[in-house]
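Coordinate-derived values only; no laboratory data. Quick caveat: nothing in here was measured; it's all calculated off a predicted structure. Because the Cβ atoms are built from the backbone with ideal geometry, glycine has one as well, and the counts that use them run over all protein chains shown.
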Amino acid sequence: MMGSSAVARDGLLQVPALARLTGVGHAFETRHGRLARRLPTPLARLRQVHGTDVLVIEPSTDLTPFQDRRIEARPAADALITSWPGITLAVATADCVPVLLVDARAGVVAAVHAGWRGIAQQIVAATVDTMGRRLGSEPTGCVAAIGPCIGADCYRVGTEVIACWTAAGVDPQVFTEHQLDEAGDQTACCNLAAAGNWHLFGRRIARLTHFQFHRIESDLAKCVDCFLGGQRPRSSGF
């Protein structure tokens, strides 16, 4: 994975590797800049459910439900893909990992919400596969920007997360400071950002030589609880 120093503009974070791409705008929101109020229209958003469903926005797609101000009325999924020029895709995250994907050659972009359940079920790999199957994208042509998420010191999890990630083959070193809670159950601090390429993207994709991973490196991106305003959902998108 490549680290990528964040470019801060008007309180928003950008990854230089994506900012250099012609015709593609992107940003990660911080508490110092609200992206939601500046997203161009037409805008597509989801009711995120911590699953692995991926939806494709095409010229024939009715955008009305994706634009509903009521979250519960939007289509349920955790990733959006399009090759339709002029469409804005956005996901909201609090502690979870926002991932933006671009295949500039194929003209395909995707916005992904990856929480601990989604990472265990390889939501990002499912998104990359759908980009190829539905819109002709090639994984070797993709650039991925991994946005800010909660830091290990602020993210203590219980037996459900530990057991789920262990079963999924996540490196046990992502769990530190093991303790028992008042009920005698195991807890640990979980380094969500250190789950690694193999678990965030899947082993097959992580092994591809030309698939580019960029994770934001900035004090503003160290931990959403400490630097980005805590549990308030933040927007990320194209």
Quiz item: Taking R0 as 35 Å, what's the FRET efficiency between Arg38 and Glu177 from their Cβ-Cβ distance, rounded to 0.05?
Solution: 0.35
Exercise. Consider just the alpha-carbon atoms of the range 13-103 and return their Rg together with their Dmax, both in angstrom.
Key: 13.1, 37
Self-check item: For the range 142-195 versus the range 23-96, the gap between their alpha-carbon centres in whole angstrom
Solution: 27 Å
Quiz item: Contour minus end-to-end for Ala168 and Ala73, with contour as 0.36 nm per residue of separation and end-to-end as the Cα-Cα distance?
Solution: 31.0 nm
Self-check item: Share of alpha-carbon pairs per 5 Å distance bin for the range 117-160, given as whole %
Solution: 5, 15, 19, 21, 15, 10, 8, 6, 0
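Let me know the volume per residue of the alpha-carbon convex hull for the range 61-158, in Å³. Walk me through the intermediate numbers first.
Numbers: hull volume 11.9 nm³, N = 98.
Expressed per residue, the convex hull around the Cα atoms of the range 61-158 is 121 Å³.
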Exercise. Report the full-extension gain for the segment Ala106 to Asp185: residue separation times 0.36 nm, less the Cα-Cα distance, to one decimal in nm.
Key: 23.6 nm
